[in-house]
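Contents: one structure, followed by commentary.
The values are calculated or read from the model by the stated rules, or taken from the named source; none is laboratory data. Quick caveat: nothing in here was measured; it's all calculated off a predicted structure. Using ideal geometry, Cβ is built from the backbone for each residue, glycine included, and neighbour counts are taken over all protein chains shown. Just the protein is used for accessible areas: all its heavy atoms, side chains included, with ligands, DNA and RNA removed. Shrake-Rupley method; radii C 1.70, N 1.55, O 1.52, S 1.80 Å.
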Amino acid sequence: MLAKAKEEWDQEQVDKLSEKDRYLAERITPLSTSGLSLSQLQDLCRELHEKIDIVDEERYDIEAKCHHNTREIKDLKLKVLDLRGKFKRPPLRRVRVSADAMLRALLGSKHKVSMDLRANLKSVKKEDTEKERPVEVGDWRKNVEAMSGMEGRKKMFDAAKSPTGQ
């Protein structure tokens, strides 16, 4: 079986070489430089040089397209891997760190800074919040009549401005 495969492979190589020779014989005309003058040889060299330049430009364009396509294929492969979810992010855990530990991590172990955040907070006295203001109970009709008009509005404005309520 291996011998048969080797024979077929050898036959393929021979066929490829014969195909290459046939193709080159069709495309390339044999050069005959005998009997040409110096100016004719120079013209022939210029023509060949122009043809070589054209072929080089085409080869460069094809190489640039190939390079671009391989780069695009590589990018698309990376996108496919990302979409497939091959690289999963581990779930993040909550870590409790004190303010001192954070400062040590940020500034390094050389700086020893302690920060007591609770010391900077304002203290609120409960007495101020629990204090009840006396409420006057009276006839509401007298109050409405007193507040009507511009004088009543001035009284309301003055009462709002002063913290004691006048």
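Potential lengthening of the chain between L78 and R93 amounts to 2.6 nm, from the contour at 0.36 nm per residue minus the alpha-carbon distance. Largest accessible area first, the listed residues L41, L107 line up as L107, L41 when surface is computed with a 1.4 Å probe on the assembled protein chains.
Between T33 and D56, how high is the FRET efficiency from 1/(1 + (r/R0)^6) when r is the Cβ-Cβ distance and R₀ = 30 Å? Nearest 0.05. It would help to have the intermediate numbers written out before the result.
Values: r = 23 Å, r/R0 = 0.77.
It comes to 0.85.
Which order do peptides 93-100, 18-25 fall in by mean Cβ count within 10 Å, highest first? Before the final figure, lay out each step's value.
Details: 93-100: 8.4, 18-25: 9.9.
Those peptides, ordered most packed to least, come out 18-25, 93-100.
How charged is the neighbourhood of E58? Take every other residue with its Cβ under 15 Å from the Cβ of E58, and add Lys/Arg as +1 and Asp/Glu as -1. Can you show the working numbers first?
On the way: positive: R27, K51, R59, K65; negative: E50, D53, D56, E57, D61, E63.
Residues close to E58 contribute a combined charge of -2.
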